[in-house]
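Following: one structure in structure tokens, then a few remarks.
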Amino acid sequence: MGVLLFVDFFDADVVAFGHGDAHLLFRQYSISKLPRPRPWGQFRVFPVPDKVELDPKTESHAPMPIYLDGHSTTPLAPEAMEAMAPWWHAQVGNPHSPHLSGMLASQAVETARSELASLIGSDPQELVFTSGATEANNIAIRGIALAALEGGIGRRDIVVSAIEHKSVLSSASSLRSAGFRIIEAPVDVNGIIDISALERLVGIETLLVSVMAVNNEVGSIQPLADVVRIARAAGALVHVDAA
């Protein structure tokens, strides 16, 4: 049995289930069977019942839920859909193929790479497109570690915050078998990395420091400028999961 959070919001209650799944539960939904709430911060906390039943009197015209879990899966922006639509239908092509359709697709990919590089102030060749954040995190963390091994770099410490996404923690953990030491930096009660602790953990043996930009469950924004300052002072690289 998990935890259900109800927060008054106009004529509705916001319901958040465990790991960020959230939707809007309107008052016409029956919550009469829920036990008496226990205070917890500014929220009211309820044990989750086996199921939340709709009120039979209003079920037939219950409104659709409002989606509030955009950090987990973000609805496609209309502009992105418009830009991609031709490549899903009329202009289909593998950008690695030598025929005309492939060449046109490759040109579109490189145009997008150049536009994105211009937007963030980088060289286009510094940008690598991946299928998603999990692949990107694995490429960055394992790629840096394996390159260090092949290049004879002796640093073997990888520091990650204790609340990183599983794709970061698992990728880092897999490197223990290659001789790396994985160190978790603690966070405070608000999910913010403890900068004083990080300063003590990062040193001359540190190869990489990995800290996410914003936590995907509680929304805490990490002090990346301080993280970068500490890592650079020790000569370590920095990886940021900003997905």
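Values computed for the structure shown
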{"read-out": "Contact order relative to length of the stretch 76-133, as percent, for alpha carbon pairs under 8 angstrom and 6 or more apart", "value": "16"}
{"read-out": "Unit charges on C-beta of K, R, D, E only; dipole of the stretch 123-243, Debye", "value": "340"}
{"read-out": "Antiparallel DSSP beta bridges within the stretch 133-239, percent to nearest 5", "value": "15"}
{"read-out": "Spherically averaged projected area in nm², based on the convex hull that wraps the Cα atoms of the stretch 78-126", "value": "3.8"}
{"read-out": "Peptides ranked, highest mean first, by Cβ atoms within 10 Å: ranges 105-116, 90-101", "value": "105-116, 90-101"}
{"read-out": "Distant-in-sequence amide H partners of Ser210 (H built 1.01 Å from N, under 5 Å)", "value": "Val159, Val160, Ser161, His239"}
{"read-out": "Span from the the stretch 86-148 Cα centroid across to the the stretch 188-231 one, whole angstrom", "value": "29"}
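Only the coordinates and a few stated rules stand behind these numbers; no lab work does. These figures come from a predicted structure and were not determined experimentally. Reconstructed Cβ throughout: ideal geometry from the backbone, glycine too, with neighbour counts over all protein chains shown.
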